[in-house]
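Here is the structure we will look at.
Laboratory data are not the source of any read-out in this text; all were calculated from the coordinates shown. All values reported here derive from a predicted model rather than from experimental measurement. Reconstructed Cβ throughout: ideal geometry from the backbone, glycine too, with neighbour counts over all protein chains shown.
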């Protein structure tokens, strides 16, 4: 999954469903391809980096709230498993 529009929409939805407090959002599009985004959270941050040339993305969620973190991971797994 390397589609920035879909990742942005779904990751934001998952963060909010897991009740993370989104304080800010920033993104950058690279030429000729690639995207990086950062959600600043009241509980830390989520960063995503896409590597379309390899068909991969890297996500890092750092959080001091284990319950929210677990919910996020479960929802992310469901999203990635969906067709």
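In terms of the mean number of neighbouring beta-carbon atoms within 10 Å, the peptides 39-50, 62-73, 8-19 order highest first as 39-50, 8-19, 62-73.
The angle separating the long axis of helix 4-17 from the principal Cα axis of greatest extent in the chain is about 0 degrees.
Simple spin-label estimate for residue 22 and residue 36 gives 2.1 nm between the two label positions (7 Å along the Cα-to-Cβ direction from each Cα). For the chain, the longest principal axis of the C-alpha atoms and the axis of helix 66-81 are separated by about 40°.
Classified by the C-alpha gyration tensor, region 4-81 has a prolate form. Its axis ratio a/c, with a ≥ b ≥ c, is 1.5 or above, and a/b is larger than b/c.
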